[in-house]
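Report on the structure given below.
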Amino acid sequence: MPDVLYFNGRFTTTDERVLGVEDRGFQFGDACYEVFKFLGRSPTFLAEHYRRLDEGLHVLEIANPWPDAQSFRATMRELLDRTAFDDGIVYIQVSRGESERAHFWPDGIAPTAIAYSRSFKFPDAAKKERGIRVITAPDRRWKQCDVKSVNLLANAMAKKKAQRAGADESLLIEDGTVREGASSSFFAIIDGRIITHPLDEHILPGVVRDRVIDLAIAAKVRVDERPLREAELFTLGEAFITSTTQGVMPVVELDGRIIGNSRRGEITGELQRRFDELERASQ
């Protein structure tokens, strides 16, 4: 069954092929994307996802087809009303638009905007307790990772490396510093303190990441936003990743080494519980 597709102001389905061969998103990766989760056809943290998309488009000098959060919300509300299933994700992509292929883009080009819904199986209670395996991989991404651009080749290759190793995620490392997961934010817990990379050009400002930091502080757990050295990975008491689709997910094995007692730790479990409550309340 095809999914609902929004394309440049109209609704169709993913059966219709709408992208031109000279769209700059296809030719150059000249685009931003965003993904949000919905439950019972209600979006979670929609304002935060819009804000991140808007900021990324501004950095790349791409016109935002939704000039404000209200117009964005209205489009997404209609898309979800047309969706045939209750739970899933919405993928949004805005490219600079179509023009004759050249590195210089013409001024005033109209952006290409798409959004479509997709059914998604989110982790169940057993998976949230069981956790995931992670490997380390070199960070070969471009140097402006705070923009959620569609240039994801390095991320995809790192994810494939993890899959071939029987793991779920790759933890990206550059010059001995732990950055983030290939498609997630990473949190280490050492001596009861949470450590995660500070917001800068090396990592994506995760929507879930920010909420979890707030929840940890509210729970009176110390959070240090600082670079984590690779050597510190040998001293982990607990670890977890965060993302829109995974929520708060324990990491129980790293490069074949067991973390903690190979199951969800106490701090991770508490943050997981608090985040699940917050996510439901955000709908």
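The values are calculated or read from the model by the stated rules, or taken from the named source; none is laboratory data. Given the structure is predicted, the values throughout are model-derived calculations rather than measurements. FYI the Cβ positions are ideal-geometry reconstructions off the backbone, even for glycines, and counts take in every protein chain you see.
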Subset of the stretch 171-220 [among the acidic types (Asp, Glu), within 26 Å of GLU55 (Cα to Cα) and over 14 Å from the mean Cα position of the chain (by Cα)]: GLU174, ASP200, GLU201, ASP214
Residue among ARG82, ARG24, ARG96, ARG51 that is touching a residue at least 24 places away in the same chain (Cβ under 8 Å), among the basic types (Lys, Arg) and surrounded by fewer than 18 Cβ atoms within 10 Å (Cβ to Cβ): ARG82
Number of the condition not met by GLY181 [criteria: (1) surrounded by 20 or more Cβ atoms within 10 Å (Cβ to Cβ); (2) in contact with a helix residue (DSSP H, G or I) (Cβ under 7 Å, 6 or more places away or on another chain)]: (2)
Single condition GLY108 does not satisfy, out of (1) crowded, with 20+ Cβ neighbours inside 10 Å; (2) modelled with pLDDT under 95: (1)
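GLY56: assigned to a loop (DSSP other than H, G, I, E, B) and not assigned by TED's automatic domain parsing to the domain that holds VAL208, yes or no?
no
Here is a list: ALA158, ALA137. Which entry is of a type in the set (A, V, I, L, M), part of a strand (DSSP E or B) and buried (at least 20 other Cβ atoms within 10 Å of the Cβ)? It would help to see each step written out before you state the result.
Numbers: ALA158 fails: part of a strand (DSSP E or B).
The match here is ALA137.
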Failed criterion for SER117 (all others in (1) surrounded by 22 or more Cβ atoms within 10 Å (Cβ to Cβ); (2) in a loop (DSSP other than H, G, I, E, B); (3) in contact with a helix residue (DSSP H, G or I) (Cβ under 7 Å, 6 or more places away or on another chain) hold): (2)
ASP168, sole failed condition from (1) out of contact with any Leu (no Cβ under 6 Å at 6 or more places or on another chain); (2) surrounded by 16 or more Cβ atoms within 10 Å (Cβ to Cβ); (3) under 24 Å from GLU48 (Cα atoms): (3)
Out of THR196, THR244, sole residue that is among the hydroxyl-bearing types (Ser, Thr, Tyr) and more than 24 Å from GLN93 (Cα to Cα): THR196
Any chance ALA167 is part of a loop (DSSP other than H, G, I, E, B) and touching a strand residue (DSSP E or B) at 6+ places or on another chain (Cβ under 6 Å): yes
Any hit, the stretch 72-83, residues being assigned to a strand (DSSP E or B) and more than 20 Å from ALA281 (Cα to Cα): no
Residue in the stretch 229-243 that is farthest from the chain's Cα centre (by Cα), counting only those that are crowded, with 22+ Cβ neighbours inside 10 Å and under 21 Å from LEU199 (Cα atoms): ALA239
